[in-house]
Structures are given as structure tokens and as C-alpha cells.
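Heads up: the structure comes next, in C-alpha cells.
The values are calculated or read from the model by the stated rules, or taken from the named source; none is laboratory data. Remember, it's a predicted structure, so these values are computed and weren't measured experimentally. Please note: Cβ atoms are built from the backbone with ideal geometry, for glycine as well, and neighbour counts cover all protein chains shown.
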Amino acid sequence: MQKLDSEGLVRIVEKSDGPLFLARGERFTYARMPEGTRVLYPRPPLPGMKIPELRAKVREALENPLGMDPLRAFLKPGAKVTIAVDDISLSLPKQAHDVRRTCTEVVLEYLAEHGVSDIEIVIAVCLHRHMHDWEVREMLGPKVFNAYWPQKKLYNYDAEDPDGNVVLGHDRHGHVVEIHRRSAESDVVIYVNLNLIALNGGHKSVGVGLATYRCIRPNHSAEAQLHSRSFNDPPRSRMHQVIDHIGRYVESKVKVFHIEMTVNNDTFPWFIGYMQKPEPEWNLVDKLAARVNKHFLDCTPLSVNRGIFFGVHAPYACTGVTAGECEAVHAVTLRNVYRQQLVELQGQSDILVSPIAYVMPYSVHSVMNPILVYAMGLGYNFNFYKGQPVLKKGGTLILNHPMENKFDAVHHPSYIELYEKLAETADPAKVDAWSDYFAEKPEYIEKYRFRNAYHGFHAISMWNWGCHGMDHCGQVIVVAPEDPEPARRFGWEVAGSVEEAIAMGRAKHGAGASVSVSHAPPIAMWDVK
């Protein structure tokens, strides 16, 4: 391949090049790209902090926040403090040592030094599934877990607990603002946030993470998602604009001290480190490891491969810690995220090949059912852009994923019913009209509250999540699904290989149609000029 830019992050395929090595769910695939294909590579990992440095940076941020007094100014003996922490949907893959664990430990030490003992820690799951106890222990570490979980001072937020939530009022657009009661009644809420992508953090932390269905319904609707021009470009995201109104109202009533941390994209340990290197930079060991791992994963069932991958932890390292007032903090956070992830591109493509990895935020320790594949491809992967999409309006999106027709009945019960109803219509506006039915169904509420299931509305929100991408694409092709029925139900086409899918796209757009390949993971964002 020949370098197209000075950083070597964008390359053009030549005739003599070998096949590309692409993620394909719980497996890998080699695909030979036509000459002239533009291959888009993520940035190499930025330097990150070791744990002692991270601890020092957190303490420094508590004493020198942006736009607020130091945290100690809000603390006194007898103060009621709630620490809110993101849930298991971040990071992907799981971190070898979660930065939220370190941050929470430092915050608890700081609170103890200032005589604060009335402390509760809430996992800000919103309508996500409640984390299993062993997942909480893994995320926050045995020290915090053993001190707080048995005493019910560490718990999952329950958006359906009638006594555990309170209406603060209505924002200036008339949207109800209803959040976690304990947080609303605290002297200060300390939100410990991991910003893996630009979508996360800011007013979304409390305004969504600790909010009820009634509160988030306006910003997770099909209308809000359809008019969000990239979830990772917040100023151009209708969803973020609505969330910001909610968040500002919350912070007019509740003292919130935000701590936002960013990490690099050092996604894989050494034994599969070749995954985050451009193929021309592979040495002999990388090439051999890739071949051996692909052969092994081809010979084992997808369910076994999932178990293997879920056991692999990412060596992410923290690249920034910022604390204080929400919007001042988040502006710095976005700069840190973009510094690691943003790659500048010139022009759009007619065809985009998008590999989908084995996990997405809502399939952790579960199977990526067809609706989640849809949400990952058309919601997350499509929206990893700033400015305008990599894909031209009406272009062809090729999703490389095995797409099993399987559902986890424990974690995703409402997804099963939604999938059946999608046989009636896949129109997001019509699907969105089912929101209250799914949200208020007693069976789904009970499973959300007590059986680690995603809230009934979550399935609808994931269909909404992809509606901008679906509206933009003129053709969606999934490569060699295990079962083609979900693709047909979604209005997609099916190809036997990446090469065949590209040929199908060129049949639609012309023999000279331009092709781009997003070589992911790791995560990257494309700044398309």
C-alpha cells in the first residue's frame, strides 16, 4: 500500500497488495480489496498514565477543578454525598484495570479525610441492565465492593423504583426532569465518568444515566436520532441538544461535581496486538499470529469464541483527568477524545466496508443479537464521524459480521418481541410509536428491576439509534450472515464475501465507484472535509 497522508493513517490499495485482515464478529476474515480502495486506520495509542500517576492526577483535579470551587468546599461532617459511576457498557473491551476503580478509591479516601461518612455509590445504568454483583466487583475492585455492596450502599440505579426517583420539574421545553432521588437530595453528587468516545459524558451523565424513561424519552426518540448528525459531534446532535436542556435544569437544582477521564486506544494485549497495526507494519510474528488465531477461531463455535474474547482485557491507559463544572470539563474531555481518535479525510466514498467486532455496549457477556448488529453498524460505526459521513448520501454500507439469529432471553427479553414485530414494519417512526407499550409492560419492568434485563424501551431505543444511518444509506449489505432472515427483515441485502458485496455496490453505483474500508477496531473517528 502507498501512503496517502503524512501520518500513514490513510492508504490506497495497489494491485500488488495482499488482502486486508478484518474483524468479523467473533472471527476474523481476509478480504482482497480492489485497486484504489481507501483504507482508513486508527491512530496509534497515545501515551497514558500508570496507576500512581492517575491517582495523583485525580487528587489534583479534586483540588483544582474547572468552573467550580475545590471539592472540599462542599464537604463537611454530616454531608450527604452520592458517587455515580458509569456501567459495564464502557469500556469495550473491558479494561485490565478500570480507571473508574482508581478514581473511586481516591474520591473515597478524599471524602474520609474531610469527615464525610454518609456516602452511597450508584451505578448509573439508566435503562441498561443492572450489573451482576461479580461485574460490579470486577469494575470497582474488591476493596470498594466489599466495603459498600453488602451494606446496600453500592447498588444499581433503578429507573422504575417509585420511591427511588423524584420529579425536579420541567425544562424550558416542557420535558419532565425525573432523576434518582438520593442524588437529588445529596449535598453533592460526584460523577465518575469514563469517556471512551465523544458520545459519552457531559450532561448525558446525570441527565440520562440517573434518569427515568419519562425523562429520556424525548432525547431517545426516532425524531431526535434521525436529526442527530453524528452522535460523536455533539454540537450537531439533536439528541445532545435535548439532553443538554435536561442536564442544565438538573444542575440548577443539584450540585454535581463531574470527573471525566479519557483513555487511549490501546485495545489489545500483546498476543493480538497486530489487530491495531496496519498490515504493512506487521512483522513475521504478527503475520504468523494472525494466521494461527484465524485458523483456531474458524474451527470453534462462535459461542466459544465469545467466551475467549470476553476474557481478554484491554490495556487502555488514561490520557486525561478533568474535574469540575459540567460544560467546562466536557470541553476539555472532547479535545482529549478527538486528539486520540480523529483522523482527517478528504472526500466521501460511494461504498464503505465496516467490520463489526464481537462486542458492542449492550452485548457484554451476551450475544450480539440482530437488533444490536443493526445498532452497532448503523448507529455506532456509521456515526464515527465529525463533519459529514464517510459514506455519500445514498451510498452502500457493507457490514462484516456473522449476524446470528440468536437472543439472550435474560438480558434482552424485549428485543425478542421487537424482532417479531419488525416483521410488520421496520419504519423507525412506526416502531417508535410502540415505545410506551414496551416501556410500561409489567413483565419487562419486573425483569429490568430484578433479573438483570434491559428495560423494555431499550430495544426500541436501539432501533431508533440506527435510523439516521438507515435514512442516509441507499443500500446495506451484510456479509455471510449465519441466518439471512434478520437481514431480509431489516430490508438489507446479503453477500457471500466482502469482495462480492463490493461488486454488488459497484453494480449499483458504477464500476468506478469509490470504496473505503474502516480498519477497526480500535476505535477511530473520521473528520471528513
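Could you list, in sequence order, the residues of the stretch 434-462 that are hydrophobic (A, V, I, L, M, F, W, C), more than 23 Å from the chain's Cα centre (by Cα) and under 17 Å from Val125 (Cβ atoms)? Those that are hydrophobic (A, V, I, L, M, F, W, C), more than 23 Å from the chain's Cα centre (by Cα) and under 17 Å from Val125 (Cβ atoms): Ile445, Phe450.
Can Val242 be described as touching a Cys at 6+ places or on another chain (Cβ under 8 Å) and at negative phi? No; evaluated as a whole, the condition is false for this residue. Contact map, the stretch 441-452: first residue farther than 12 Å from His412 by Cα, second residue surrounded by fewer than 17 Cβ atoms within 10 Å (Cβ to Cβ), Cβ cut-off under 8 Å, separation 6 or more or different chains; pairs are Arg449/Asp161. Within the option set Val206, Val192, being assigned to a strand (DSSP E or B), assigned by TED's automatic domain parsing to the domain that holds His132 and buried (at least 18 other Cβ atoms within 10 Å of the Cβ) holds for one residue only, Val192.
Number of residues in the stretch 416-441 that are in contact with a Leu (Cβ under 9 Å, 6 or more places away or on another chain) and under 18 Å from Arg488 (Cα atoms): the value is 2.
State whether the residues of the stretch 494-509 include one that is under 26 Å from the mean Cα position of the chain (by Cα), outside any strand (DSSP E or B) and surrounded by 15 or more Cβ atoms within 10 Å (Cβ to Cβ). The answer is yes; a qualifying residue exists.
On the given criteria, is Pro218 assigned to a helix (DSSP H, G or I) and free of Cβ contacts under 8 Å to residues at least 12 places away in the same chain? The answer is no for Pro218.
The residues on offer are Val364, Val337, and the sole one that is outside the structural domain of Val494 (by TED's automatic domain parsing) and either assigned to a loop (DSSP other than H, G, I, E, B) or buried (at least 24 other Cβ atoms within 10 Å of the Cβ) (or both) is Val337. Here Arg172 qualifies as surrounded by fewer than 20 Cβ atoms within 10 Å (Cβ to Cβ) and in contact (Cβ under 8 Å) with a residue 24 or more places away in the chain. What are the residue pairs meeting all of these: first residue in the stretch 14-25, first residue without any contact (Cβ under 8 Å) to a residue 40 or more places away in the chain, second residue among the hydroxyl-bearing types (Ser, Thr, Tyr), Cβ atoms under 6 Å, and 6 or more apart or on different chains? Close Cβ pairs satisfying both conditions: Pro19/Tyr30.
For the structure I just gave you, tell me whether Ile523 is among the β-branched types (Val, Ile, Thr) and assigned to a loop (DSSP other than H, G, I, E, B). Yes; evaluated as a whole, the condition is true for this residue.
Among what's in the stretch 313-358 and is acidic (Asp, Glu) and within 29 Å of Gly247 (Cβ to Cβ), pick the residue that is nearest to the chain's Cα centre (by Cα). Only one residue fits best here, namely Glu327. Of everything listed in (1) in a helix (DSSP H, G or I); (2) of a type outside the set (Phe, Trp, Tyr); (3) farther than 21 Å from Asp87 by Cα, the single unmet condition for Ala439 is (3). For the stretch 464-485, does any single residue satisfy the condition of being assigned to a helix (DSSP H, G or I), surrounded by 17 or more Cβ atoms within 10 Å (Cβ to Cβ) and among the β-branched types (Val, Ile, Thr)? No, the stretch 464-485 contains no residue that is assigned to a helix (DSSP H, G or I), surrounded by 17 or more Cβ atoms within 10 Å (Cβ to Cβ) and among the β-branched types (Val, Ile, Thr). For Val125, the conditions (1) closer than 21 Å to Pro70 by Cα; (2) surrounded by 21 or more Cβ atoms within 10 Å (Cβ to Cβ) all hold with the exception of (1). Within the stretch 369-385, the set of residues being part of a loop (DSSP other than H, G, I, E, B) and either touching an Asp or Glu at 6+ places or on another chain (Cβ under 8 Å) or under 11 Å from His411 (Cβ atoms) (or both) comprises just one member, Asn369.
For the stretch 453-463, the criterion of being assigned to a helix (DSSP H, G or I), surrounded by fewer than 22 Cβ atoms within 10 Å (Cβ to Cβ) and outside the structural domain of Asn156 (by TED's automatic domain parsing) is met by no residue.
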